[in-house]
Amino acid sequence: MFLSTRHSEIIQLAKDSGRVLVDDLAAHFGVTPQTIRKDLNDLCDQRLLSRIHGGALFPSGIENMEYEARRKIAAEEKDAIGRAAAKLIPDNASLFINIGTTTEAVSQALLDHSGLMVITNNINVANRMRVFPEIEVVIAGGVVRGSDGGVVGEAAVDFIKQFKVDYAVIGASAIDHDGALLDFDFREVKVAQAIIANARHVILVADATKFERTAPVRIGHLSQVDSFITDRCDIESVRSICQESEVQLIETTR
């Protein structure tokens with residue numbers, strides 16, 4: 001497959017950052033936005049990128065992108081989602097927080113809470129929250145995944161099953177239009193399933209780019225959560241599932 005120099009560089013930029021935007025690329029290459037849109041359409045036709053509003057994503061299917069690249073995707077949207085989720089969680093609550101860049105945004109927004117008991121399999125969350133005396137942090141044991149600091153495996157699952165908490169904050173690598181919640185690592189999925197089963201109120205946090213992605217392992221279904229917080233949901237089938245299953249849908253940009 002022959003790629004022009006610009007096409008090759010666009011793919012590399014998307015791989016490094018997870019997402020590229022039309023206006024940024026036009027400025028970077030000194031060409032018109034129309035030229036970039038044609039480039040992105042060509043690359044998406046070849047399934048080298050996945051089109052989103054205003055740009056394109058580096059595609060995922062079997063392997064997740066680098067954690068630092070994921071942090072950069074929709075960073076402002078994730079911060080807003082984190083703040084919205086924190087508003088649902090009162091002081092003096094117990095909660096699970098699992099692995100993910102959006103769940104980390106929730107942990108950041110919870111730092112002004114008091115009396116929290118946070119059980120997590122996310123080393124990044126534990127390290128951020130442990131220095132706040134009003135928050136008790138309990139971390140799961142198991143295999144530490146080097147790519148993102150997630151604690152996974154059967155030991156982590158067994159640990160989670162010891163608790164029954166007020167809230168769970170979970171993420172997903174992808175959300176299918178039929179409501180399936182998807183991830184890449186079956187070990188992490190087992191932990192997420194245990195978290196869902198042992199919380200009274202499950203909060204799913206995911207930005208809108210998750211509707212454009214796919215992943216091979218099923219966590220569960222949108223109907224299993226109580227609240228779904230995203231920046232926007234333009235997928236009518238997903239909106240219908242929320243309505244039919246009485247899932248509270250919160251869109252931070254609406």
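Efficiency by 1/(1 + (r/R0)^6): what FRET value for Arg200 and His53, r their Cβ-Cβ distance, R0 = 41 Å, to the nearest 0.05? Approximately 0.70, to the nearest 0.05. Size descriptor for region 79-223, Kirkwood hydrodynamic radius: 14.9 Å (Cα pairs only, one decimal).
Excluding Met129 itself, calculate the net charge of residues whose Cβ lies under 13 Å from the Cβ of Met129, where each Lys or Arg counts +1 and each Asp or Glu counts -1. Within the 13 Å Cβ shell, the charges total -2. Accessible surface comparison of Met129, Met117, probe 1.4 Å, protein chains only, largest first: the order is Met117, Met129. Taking a 26 Å limit on the Cα-Cα distance, which of the listed pairs Lys15/Lys190; Lys15/Lys38; Lys38/Lys78; Lys164/Lys210 fall beyond it? Cα-Cα > 26 Å for Lys15/Lys190; Lys38/Lys78; Lys164/Lys210; rest within. Grouping the Cα pair distances of region 161-254 into 10 Å bins from zero gives a pair-distance distribution of 18, 53, 27, 3 percent in increasing distance order. Normalising the average separation of contacting C-alpha pairs (under 8 angstrom, six or more residues apart) by the number of residues puts the relative contact order of region 90-232 at 22 percent. Note on Lys164/Asp91: beta-carbon distance plugged into 1/(1 + (r/R0)^6) with R0 of 22 Å gives a FRET efficiency of 0.70.
Taking only the Cα atoms of region 102-143, the ratio Rg/Rh comes out at 0.94, with Rh defined as the Kirkwood radius. Working note: Karplus 6.51/-1.76/1.60 with θ = phi - 60° gives region 52-58 the couplings 10, 4, x, x, 7, 10, 6 Hz, where Gly and Pro are set to x. Where both residues lie in the chain, what percent of DSSP beta bridges are antiparallel, nearest 5? Of all bridge pairs located within the chain, approximately 40 percent are antiparallel. Net charge dipole, the chain: roughly 200 debye, given to the nearest 20, about the Cα centre with Cβ charges of +1 for Lys and Arg and -1 for Asp and Glu. Rolling a 1.4 angstrom probe over the protein heavy atoms with all chains in place gives the chain an accessible area of 46 Å² per residue. All other residues whose Cβ lies under 11 angstrom from that of Ser223 are scored, Lys and Arg at +1 and Asp and Glu at -1, for a net of -4. Full extension of the chain segment joining Asp112 with Ser8 gains 33.0 nm, where the gain is 0.36 nm per residue of separation less the Cα-Cα distance. Near Thr214, the amide H atoms lying under 5 Å from its own belong to Ser60; only residues 5 or more places off or on other chains count, and H is placed 1.01 Å from N.
Residue order by solvent-accessible surface for Ile196, Ile10 is Ile196, Ile10, largest first, with ligands and nucleic acids left out and a 1.4 Å probe.
The slack between Gln248 and Asp42, meaning 0.36 nm per residue of separation minus the straight C-alpha distance, is 70.3 nm. Modelled spin-label separation between Val138 and Arg83, with each label point placed 7 Å from Cα along the Cα-to-Cβ direction: 3.1 nm. Over the Cα atoms of the chain, each weighted equally, I'd like the Debye log10 I(q)/I(0) at q = 0.07, 0.10 Å⁻¹, rounded to two decimals. The computed values of log10 I(q)/I(0) come out as -0.25, -0.49. Applying 0.36 nm per residue to the separation of His221 and Val131 and subtracting their alpha-carbon distance, the gain on full extension is 28.9 nm.
The residues neighbouring Glu154, those whose beta-carbon lies less than 13 Å from its own, together hold a net charge of +1 under the Lys/Arg +1, Asp/Glu -1 convention.
The values are calculated or read from the model by the stated rules, or taken from the named source; none is laboratory data. Everything numeric in this text was worked out from a predicted model, so none of it was measured. FYI the Cβ positions are ideal-geometry reconstructions off the backbone, even for glycines, and counts take in every protein chain you see. Quick note on the areas: whole protein, heavy atoms, side chains included, nothing else; ligands and nucleic acids left out. Shrake-Rupley method; radii C 1.70, N 1.55, O 1.52, S 1.80 Å.
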